[in-house]
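Student: First the structure, which I've put down as structure tokens, then a few questions once you've had a look.
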Amino acid sequence: MYRILIVEDDPGIAGAIKNQAEMWNMQAHIVGDFRDVLAEFATLNPHLVILDISLPFFDGYHWCRKIRELSNVPILFLSSASDNMNIIMAMNLGADDFIAKPFDLNVLTAKIQAMLRRTYDFSGSAPVLECRGVFLDTGDETLLFGEKRIALTKNEYRILLCLMENRGKVTSREKLMERLWKTETFIDENTLTVNVNRLRKKLEAAGLTDFIKTRVGVGYLVGADPSEE
């Protein structure tokens with residue numbers, strides 16, 4: 001089932017799009033917090049984003065830029081600001097299509113279906129994992145924090161992938177070692193410690209201090225409750 005993220009602050013329009021999408025067997029989610037659209041984007045990991053230009057706090061162009069830093073997901077702008085300048089700006093920022101308000105729901109549905117077919121009939125989508133404003137792109141195996149994109153080694157990526165898949169929970173050292181070295185050959189536990197410490201230094205250099213927490217004798221975690229830190 002395709003997942004659609006609707007970034008539209010008009011409840012009537014957003015609700016109509018959601019109902020139409022669900023009629024065509026799509027899962028649709030309307031953004032609730034316009035201060036942090038990226039968090040809801042990462043949680044849903046949508047196949048397509050419908051984005052208005054005029055939004056509270058930050059406009060659609062801002063969120064288009066932010067999404068493009070993380071993903072190549074199709075973006076469809078939907079706006080009453082449909083003059084040539086706005087259309088050109090939207091496309092230059094990475095939008096895939098633009099529909100002017102008012103619009104016909106059937107035309108919108110046809111465009112959505114065409115974009116989904118073009119994008120996913122021949123390729124899959126790589127999810128983006130989020131934890132406290134840190135985004136792990138599983139497509140190119142990099143970490144995005146603020147304006148910084150951090151390159152990761154294969155082992156660093158596997159460590160973060162395992163921890164962020166289980167964010168908020170302790171991941172045992174044994175599980176991490178199994179994910180890193182899928183082999184029957186014995187691996188010294190100190191090797192894992194060395195890898196985690198190298199990763200921590202790389203994250204600290206990028207401004208991410210204490211992102212990975214240690215639970216002595218148990219394992220590691222990210223996304224701990226601040227009251228526990």
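Just so you know, all these numbers are worked out from the coordinates, no wet-lab data involved. Nothing here was measured: the structure is a model prediction, and the numbers come from that model. Backbone-built Cβ (ideal geometry, glycine too); neighbour counts: all protein chains shown.
Student: Counting other Cβ atoms within 10 Å, keep those with at most 10, restrict to DSSP loop, and tell me which chymotrypsin sites (Phe, Trp or Tyr not before Pro) in the stretch 90-158 are left.
Tutor: Within the stretch 90-158, the qualifying chymotrypsin sites (Phe, Trp or Tyr not before Pro) (loop, at most 10 other Cβ atoms within 10 Å) are F122.
Student: Run the helix sum for the chain: -39,500 (n - 2.57) per DSSP H stretch of 4+ residues, divided by residue count, reported at 222 nm to the nearest 500 deg cm²/dmol.
Tutor: -12500 deg cm²/dmol
Student: Do any trypsin sites (Lys or Arg not before Pro) in the stretch 85-177 lie in a loop, going by DSSP, with at most 15 other beta-carbon atoms within 10 Å of their beta carbon, and if so which?
Tutor: Listed in order of number, the matching sites are R132, K169.
Student: Between the alpha-carbon centers of the stretch 1-60 and the stretch 146-185, tell me the distance in whole angstrom.
Tutor: The stretch 1-60 and the stretch 146-185 have Cα centres spaced 31 Å from each other.
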